Amino acid sequence: MAWLRHGLGHKSVVPILFGVSLLHFLIADSKQLFLRHIPISILIVLLFISEGIVLKIFLATLELGNTQESRLWSKYEILQPSAFSAIFLLIQILTINLRGYDKILNIIGDPQSFAYYSLALRVTDPLIFVREWLDLMQVPLLYWGGHLATHFPGHPLMIYFGFQFLGRNPQSVVWLSIVLTVLAMFPLFYLAKLVSGPKVALLACVLYTWIPSLSLNLPYMDLTVGTFTSCALLLFIHSLRSDRGIYHGFLGGLILSFALFLTFVSASVLILAMLLAMSVQEMRQALLKLLAFLSGVFTPYLILELVFDMPFFEGALSAFKTNQWFYQHLHSLMPSVWSFESSAFFFFLLLGLPVCALFLLTVLQQLYFSLRHVRTDAFTLGVSAIMLVTMLFARLELPRVAAFLVPMLVICVAANLSRRQLEDSLLPTSLLLSFSQFLEIYTYISQATLLSRTLGYPVV
C-alpha cells in the first residue's frame, strides 16, 4: 500500500498488467485463433485503433475550458456514449462471428443449455405464464425443478417480448442480448460522470467495451441486467443531488424492480443506495429520496400481490430456499465445478486480468483509507458490499449471474486510474489497459472448451 501511495506505483502497475496479459496470451497459444480468423482479427484491431482516436478527441474537448467550442461539445454530449456504443456493437458482432454464430444458435436451441428460449416459445398469455410460474415455484423440487425455481420468469418473458420486434427465432435472442448489453453504455457513461466526472466516464466506456465476460457470456440473458441496475442507480444518485428528486428516485426504484424480476441478487443494489444516502449531508432529504426509491422497488409487487393475487413474495421465499438446496445438491455431485470458490474465481478472471487486478487494488486502497480514518469513496465501498452480498447469495454461475456488477466495477477502476498521478498519461494508460483486455478476450475464447467444463455451462 505504501508503494501504491507514490506515483511510481500508479505509473508502473498498468505496464506490468499489460505484460501479464501478453504473457497470458502467449502461454495459452491464443495467436492461433488470431491467425485463423485474420479478416475478423484485422477488423477488431481497426476498431481498437478507432476507439483510441475517439477517446483522444473526446479527452481533447475536455481541455478546451469554457470556450464556445467546449459549450458546443457539451450540447451534443450524447455523441460520446453513442460513439463507444457503436464501436462496442461492432465488437460484439465480430466476436460472435469469431466464436461461431451457428454454435451459439445451437446453444440457444438446446433446452438443456438455454431453457429460456424454449420457455419463451410456450408463452401465449404473459399474465397466465407468470401466474403458473409463481404457483410452480412453491411446488417441491421433486415435481418441478431445479434451477428454474430459483428466480422469477423475467428472462423468458423478455425473450417473448423480443419476439414481437425481432421475430420468433433463435437469432432474436442473440440480437436482444447484444442490443441490451450495448445500451448499458449510456447509463454507464452518465453514472460515471455523475459520480466521478467526465474523464472517468470516457475511460469507463473504453474499459467496458473490452470486458471478456461480456463477449463470452453471449447469448445468456444475465448480461442484460446491468443495463437496468445502472439506470436505476443513475436515477437514484441524480435524485440525491437535485432539490426535487423524489420522482427520479421512485422511477429508479421501478427500474430496479424490473431487474429483480430478472435476477433476485440485483436487489443488492439497495445496499449501495443506502450507503450513498447516508454519505449525503442533508440526511433528512436523502432518507426521503431513499424511501421513494424503495417504494418504487416494492410497489409493483405489492399491487400484483394484493390486486391480482399473484404470490410474488411467497415465490421469492421459496426461491431462496430452493437456491440453497440446489447449491448443496450440485456441489455434492461435482464439487470441482459447482463450488463457491470456483465460481468466484472465474467471475474475477473473466473481467480480464487488468480490470480485475485494478479493482482489487482500488478496494484495498479504500479499506486502507477507512482504517486510517481518511475520507473514503462511498461508491467503491458500496460496490464492494454489493459484490460480497451477491457472491454469498448467488454462489453458482457468478460469471453470468453477477454480470450486472460489471458497469459499476469499471467505474471504480476508471475513477482510480484518472486520479492526479495519471492525468498526464491518461490516454496511453487507458489504451494500454484496453489493449490488455483485447488480448484477454482472445485468450479466453481460445480456451472455450476448458471454460465450458469448469464453468458448468456451454461457452463457444
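Given the structure, is Gln281 surrounded by fewer than 18 Cβ atoms within 10 Å (Cβ to Cβ) and in a loop (DSSP other than H, G, I, E, B)?
For Gln281, the condition - surrounded by fewer than 18 Cβ atoms within 10 Å (Cβ to Cβ) and in a loop (DSSP other than H, G, I, E, B) - is met.
Out of Ser41, Ser30, report the one residue that is out of contact with any strand residue (DSSP E or B) (no Cβ under 9 Å at 6 or more places or on another chain), modelled with pLDDT of 85 or more and buried (at least 16 other Cβ atoms within 10 Å of the Cβ).
Ser41
Can you tell me which condition Pro407 does not meet? The list is (1) over 17 Å from the mean Cα position of the chain (by Cα); (2) not in a loop (DSSP other than H, G, I, E, B), and all the others hold.
Every condition holds for Pro407 apart from (1).
Taking only segment 347-356 into account, find how many residues are open to solvent by less than 30 Å² (accessible area, probe 1.4 Å) and either without any contact (Cβ under 8 Å) to a residue 24 or more places away in the chain or part of a helix (DSSP H, G or I) (or both).
Residues that pass the stated criteria total 4.
Determine the pairs where a residue that is modelled with pLDDT of 90 or more, located within segment 376-405, has a partner that is among the basic types (Lys, Arg) with Cβ atoms under 9 Å apart, the partner being 6 or more residues away or on another chain.
Val401/Arg395
Pairs only if they're at least six apart or on different chains, beta carbon under 7 angstrom, first in segment 444-460 and free of Cβ contacts under 8 Å to residues at least 12 places away in the same chain, second part of a loop (DSSP other than H, G, I, E, B); list them, first residue then second.
So the pair list comes out as Ser452/Pro458; Ser452/Val459.
Restricting attention to helices (runs of 4 or more DSSP H) lying wholly within segment 187-254, give those where 2 or more residues are free of Cβ contacts under 8 Å to residues at least 12 places away in the same chain and open to solvent by 10 Å² or more (accessible area, probe 1.4 Å).
Of the helices (runs of 4 or more DSSP H) lying wholly inside segment 187-254, none has at least 2 residues that are free of Cβ contacts under 8 Å to residues at least 12 places away in the same chain and open to solvent by 10 Å² or more (accessible area, probe 1.4 Å).
Restricting the search to segment 324-345, which residues are under 23 Å from the mean Cα position of the chain (by Cα) and either open to solvent by 30 Å² or more (accessible area, probe 1.4 Å) or charged (D, E, K, R) (or both)?
Listed by number, the residues that qualify are Trp338, Phe340, Glu341, Phe345.
What number of residues within segment 163-173 are surrounded by fewer than 21 Cβ atoms within 10 Å (Cβ to Cβ), in contact (Cβ under 8 Å) with a residue 24 or more places away in the chain and part of a helix (DSSP H, G or I)?
The number of residues fulfilling the criteria is 3.
Looking only at residues that are among the hydrophobic types (A, V, I, L, M, F, W, C) and open to solvent by 30 Å² or more (accessible area, probe 1.4 Å) in segment 116-133, which one is farthest from the chain's Cα centre (by Cα)?
Of everything passing the filter in segment 116-133, Ile128 is farthest from the chain's Cα centre (by Cα).
Report every pair of residues separated by at least 6 positions or lying on different chains whose Cβ atoms are under 7 Å apart, first residue within segment 35-62 and touching a residue at least 12 places away in the same chain (Cβ under 8 Å) and under 14 Å from Arg99 (Cα atoms), second of a type outside the set (D, E, K, R) and open to solvent by less than 50 Å² (accessible area, probe 1.4 Å).
Short answer, once both residue conditions are applied: His37/Leu98; Ile40/Leu94; Ile40/Leu98; Ile44/Ile91; Ile44/Leu94.
Against the conditions (1) out of contact with any helix residue (DSSP H, G or I) (no Cβ under 7 Å at 6 or more places or on another chain); (2) modelled with pLDDT of 90 or more, where does Val182 fall short? Just the number, please.
Result: Val182 fails condition (1) only.
May I ask you to list pairs of residues, at least six apart or on different chains, whose Cβ atoms are under 6 Å apart, with the first in segment 97-125 being farther than 17 Å from Trp175 by Cα and in contact (Cβ under 8 Å) with a residue 40 or more places away in the chain and the second being among the hydrophobic types (A, V, I, L, M, F, W, C) and surrounded by 15 or more Cβ atoms within 10 Å (Cβ to Cβ)?
As it stands, the answer is Ser113/Ile107, since those pairs meet every condition given.
Considering only segment 284-323, state which residues are of a type in the set (Lys, Arg) and surrounded by 12 or more Cβ atoms within 10 Å (Cβ to Cβ).
Selection gives Lys289, Lys321.
So if I check each of Ser370, Ser430, Ser384, Ser434, which one is surrounded by fewer than 16 Cβ atoms within 10 Å (Cβ to Cβ) and not in a loop (DSSP other than H, G, I, E, B)?
Ser370
Of everything in segment 387-417 that's β-branched (Val, Ile, Thr) and within 13 Å of Phe340 (Cβ to Cβ), which residue is most open to solvent (accessible area, probe 1.4 Å)?
Of everything passing the filter in segment 387-417, Val401 is most open to solvent (accessible area, probe 1.4 Å).
The values are calculated or read from the model by the stated rules, or taken from the named source; none is laboratory data. Only a predicted model underlies this, so the values are computations on that prediction, with no experimental measurement involved. Quick reminder, even Gly has a Cβ in these numbers, built from the backbone with ideal geometry, and neighbours come from all protein chains shown. Heavy atoms of the whole protein, side chains included, go into the accessibility calculation; ligands, DNA and RNA do not. Shrake-Rupley method; radii C 1.70, N 1.55, O 1.52, S 1.80 Å.
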